Each structure stands twice: as C-alpha cells, then as structure tokens.
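What follows is one structure encoded as structure tokens, with my remarks underneath.
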Amino acid sequence: MIQTERVQMPADESLGQRIIAGVLRSTVRLMAARTFRAGLPVDEHRRRVRQVTRLTLPPRGCAFSRATCGGVPGEWVRARGHETASLTILYLHGGGYLSGSPATHRAVTGHLAARCPARVFAVDYRLAPEHPFPAAVDDATAAYRGLLAEGVAAGDIVIAGDSAGGGLSVATALRLRELAQPLPRALAVFSPWTDLALGQLTTDAPEIMLALPWLHEGAKAYLSGADARHPLASPVQADLRHLPPTLIQVGTDEVLLDDSRRLFDRLRECGVRARLEEYPRRWHVFHVHAGVLADADRAFEAVARFIRSA
C-alpha cells in the first residue's frame, strides 16, 4: 500500500514564538526587497545574498571543509559527535539558479548534519546565466555518482534541497533514473521550485521574500531558450514513477505553495510514497531560522523521522 500524506502542521501559538516570528518576518521582508529584485546585475544580487545569509547561523559544533565529489566542488559538513554517521545527504542549495553556494546555506546543512544525523555534501553547482540548463543537473548528478564511486551505498544517501535546489533534487533523481543508476534512499525538499513556466503560482499568498519578476528573470536566465516544460527543468511536468520516498515541506505564505502541492499530487498519481507538510504562516525556506524559530526546529525533526522511515 502506497503511503501518502498531506499534513497541515499545527500552528505554534505561544507568545514568545509569535513575537520571534513577527520580528523575523519583518526582517526578511526588508532584506528580501533589496535582494530578490529583478534588474539587479547578477554580481550585485549574489553579493547581497551573501550579506543576507551571514545573519543565519549553523548550530554549534559543525565543521565545514571544501572538497570535491565526482569532480564537482562543494563542502563537507559534519556535526560534532556524528563525524562517522552512516547517512550521507547530498544537498542542493536554492537561489533561483542564479545565486547561492554551500556557504550561504550553512544554517540548513548544519542542522541537517546535526539532527538527522548525517554527513552532508553541499554541492557548489554551476550557476546561470554563465552556465544555463542543464549544467546544474549535470553537476548534481556527477556529485551523486561520485558518492557511489567512493563506496557510499545508494540506500545510505538522501538528496535534499531548498527552492530551486528542491526542484533540482527531483530533477537529479529523474536523471539518475534515466541513467539506470541506483536511486537514493529518499528525497527531502523545502519550498521547492518545480515549475519554471510559473504557470500556477499562489498569487494570493502573503509572500515576503520572492518577487514574481525576479522569478521570471531567474527562469529565463537558467533556461536560456530551453523549454520550461522540460522535465529536468520543471519536474512537476515529469513522469515521476519509481522515484524514492519524498518529503515536501512548505510554508502557507509562499507564492510557490502550489508548486509543492502539485508536486505532491503528481507523486501520488505516480505511486510514489510522499508526505507534504504545510506550516501555517511560514515563509519561503523558513528552515534557515532553526535554533530560533520553533517551526524550523520541528521541520528538521520531521526530516530525520522521515528519513528513518524511508
């Protein structure tokens, strides 16, 4: 029996968390307005992303070391006490395919390493517009195959990612299936961007981070003339049969909320075990606030439980 669940997570109504969430929401809105804005030169956008993400902190006791895997650069993340964890997470960062790096997402990869527990390889995949589609898919696939070549069993690997990296995680699994490679144990995607055609956005959501013109700009730069409906660009359009168990986490205040819901529906239609968790009044990739925001902590705990059950 295929297990699928769409869960509305209970809201945290404690006074302290309402205050913290309010402060974070205001801060994110102010910073995002100047960072995720169409028309910025890409170098300036990347600089602002680096500035913003310096305000998010990984958990204490995490070590970050530059490395390559499958010939692709990246960063190993290990948490104190879990250096020899058998689970390996291949992490694909967000940033609209235009920006981001392992360094900008240490608040996510650090908590994954500490809470799952796992060692994490965050892939420093090539970015658009310099390296358009399918460069990111090629790099993520090469890194995964590099783990296999190093002797890591597919059943000990999870592919995870946020935003564009969430869509890229699903696309990578599809590419591995094409290549008849052993698939990972599970996928875990946070606020995934799964439709670069931007056909069904949640336009009534109180989005505080992503501007629609910026999303269009990122999709155009990454696609560079390719069809937005290509399954490796927009995996919600793909045949998803035989993919690994997939966890999707998203906030209800996101313009990309429907991307998560449609991905869940497509996985269910294709007979894939899937779980969709919707967090009330939470914004795009709220996971970066783990350690402060209780819902982010709960989300990572749910990731660990899902991986154990996969």
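A few remarks follow.
- Answer residue from segment 233-263, given it is out of contact with any Leu (no Cβ under 8 Å at 6 or more places or on another chain) and assigned to a loop (DSSP other than H, G, I, E, B) and is nearest to ASP204 (Cα to Cα) among those: ASP253
- On the stretch given as segment 142-172, residues that are crowded, with 24+ Cβ neighbours inside 10 Å and either assigned to a helix (DSSP H, G or I) or over 16 Å from the mean Cα position of the chain (by Cα) (or both) total 11.
- Selection status of ALA32, within 25 Å of PHE300 (Cα to Cα), touching a Cys at 6+ places or on another chain (Cβ under 8 Å), surrounded by 13 or more Cβ atoms within 10 Å (Cβ to Cβ) and not aromatic (Phe, Trp, Tyr): no
- Some residue of segment 189-207 being without any contact (Cβ under 8 Å) to a residue 60 or more places away in the chain, surrounded by 22 or more Cβ atoms within 10 Å (Cβ to Cβ) and assigned to a loop (DSSP other than H, G, I, E, B): yes
- The residue of segment 239-278 that is surrounded by the most Cβ atoms within 10 Å (Cβ to Cβ), among those that are among the small types (Gly, Ala, Ser) and in contact with a Lys or Arg (Cβ under 8 Å, 6 or more places away or on another chain), is GLY251.
- Of all the residues in segment 173-188, those that are out of contact with any helix residue (DSSP H, G or I) (no Cβ under 7 Å at 6 or more places or on another chain) and part of a loop (DSSP other than H, G, I, E, B) number 2.
- Top-ranked residue of segment 128-141 - restricted to ones that are of a type in the set (A, V, I, L, M) and touching a residue at least 40 places away in the same chain (Cβ under 8 Å), ranked as surrounded by the fewest Cβ atoms within 10 Å (Cβ to Cβ): VAL137
- Residue within segment 59-72 that is of a type in the set (Ser, Thr, Tyr), out of contact with any strand residue (DSSP E or B) (no Cβ under 9 Å at 6 or more places or on another chain) and modelled with pLDDT of 95 or more present: no
- Count of segment 208-232 residues which are of a type in the set (A, V, I, L, M) and assigned to a loop (DSSP other than H, G, I, E, B): 7
The values are calculated or read from the model by the stated rules, or taken from the named source; none is laboratory data. For clarity, every value in this text was computed on a predicted model and none was experimentally measured. We place every Cβ from the backbone using ideal geometry, glycine too, and count neighbours over all the protein chains shown.
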